[in-house]
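Participant: Please see the structure below; I have some questions.
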Amino acid sequence: RSMKLERARVLVQDSLERHLYENAVFWADKAVSVSRGAAHDVFVLAQALFLGGHYRRAAQWLSSNGLIQSHLVCRYLAAKCHAQCAEWKRVIDLLDIPAVANADAELTRKELSDIGDTSLILSTAVDSAICYLRGTACQALEKRAYARKNYKEALRHDVFCYEAFNSLISHHLLTPQEAREFLDSLPFDEQCSDSEEGDSVKFLYYSQLDVKSQDFQERDVPALLEQSLDVAVVAMEQHYVNWDHDAAVQISKQILKQDPYHPQCLLLHIGCLVAQEETNGTYPTATIHLMSLIIQCVVGFL
C-alpha cells in the first residue's frame, strides 16, 4: 500500500518539532512525491532544508519549483537562505519589491493560506519580516539610511518585531529623541490584543531606550514581566551606568544562576567585577567569566 499524504505530513511536522531536521527532509521529500509537487509540501521541504542548514539547497529547491516567482513567502524564505550565506545583494534583489501596503497584506495572508500552515517559520506578519530582512541586508552593505527606513517599516507593520527595534537602537540609527518620537507613533493600540499587552510592550521598548539614552524614568514593571530576565538586565544596566556596581552585581548574580551565558548580562557583570577589582579583589573571577564568554563566542561561530 502506498503512503498516505496526511501521514507523511504528520511525520514531517513531528520531526520538525523534535528538531530532527534530516528526518524531516527525508519525509518531506516523500510528501512532495505523494502530492505530486503541491506548493505546501514543496515549501515545507524547503523549510526543513533551511532548518537543517542546507541553505543553498533550500533556495534552489524553491527556485526550481517556481515558487519564488509565484509566492511572496517563498521569496522571503529564499532570501533568508541567501542571507545565511551572506549574499546580501542577492537578498535585496529578491526582496526589491514595493513596501507591503494594506491591500498587499491581504494577498500575503491568502498566499500563506494557499501554501498551508507556515507557523514553523513564518507568520501572517511576513510583510514585517521582509522589511526587517531587507534592512539587515542594507545594514550589511553599509546603506544605513535604507536600513533605518526598513527597520522602521518592519515595526510599523508589526510592533512585536523586537529585532527591528533592537537593530535601530544597537546600531545607533536613531538619536534618542528620534527613537522616542518613533515609538510614540507606533500603532500599539491597534496591534496589541488589549491595553495590558500594549502597556507591557511599550514598557519593554521604552525602558531599554531610557538606559541607552541615560534618561532614566521610574517605570512600574508590569506584573506579567516581573520574572523576565531581560527586564532584570535593564534594571542591572541602569545601576551599572550610574556606577552602582554593587547593586548591579547582585542582580547579575541572580540572572546568571538561571542563564549563565546571557550575553548582555555577562558583559555587564564582567564590567562590574573589573570596576570592583581594587576594593575586593574580584579580578580573577572577572577573568574566568571573560574567558567563558570568549569560548562561547568561538563555539558559536564553529
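The values are calculated or read from the model by the stated rules, or taken from the named source; none is laboratory data. The shown structure was predicted, so the numbers you read here are calculated from the model rather than taken from an experiment. Methodologically, a virtual Cβ is constructed for each residue, glycine included, from the backbone with ideal geometry; neighbour enumeration extends over all protein chains shown. Keep in mind that these areas ignore ligands, DNA and RNA; they rest on the heavy atoms of the full protein, side chains included. Shrake-Rupley method; radii C 1.70, N 1.55, O 1.52, S 1.80 Å.
Participant: If you check ALA48, ALA105, which single one turns out to be modelled with pLDDT of 50 or more, surrounded by 14 or more Cβ atoms within 10 Å (Cβ to Cβ) and in a helix (DSSP H, G or I)? Even if it seems obvious, please write down each step before you answer.
Facilitator: Values: ALA105 fails: modelled with pLDDT of 50 or more.
When all the criteria are applied, what remains is ALA48.
Participant: Name the residue that is most open to solvent (accessible area, probe 1.4 Å), counting only residues in the range 1-43 that are in a loop (DSSP other than H, G, I, E, B) and over 25 Å from LEU72 (Cα atoms).
Facilitator: Filtering first and then ranking leaves ARG1.
Participant: Does GLN208 satisfy being closer than 18 Å to LYS152 by Cα and modelled with pLDDT under 85?
Facilitator: So GLN208 fits the description; yes.
Participant: Restricting to helices (runs of 4 or more DSSP H) lying wholly in the range 141-253: which have 3 or more residues that are over 30 Å from ASP93 (Cα atoms)?
Facilitator: 176-185, 188-191, 195-213, 229-241
Participant: Out of the range 51-74, which residues are within 21 Å of LEU5 (Cβ to Cβ), open to solvent by 10 Å² or more (accessible area, probe 1.4 Å) and of a type in the set (A, V, I, L, M)?
Facilitator: Matches in the range 51-74: LEU67 only.
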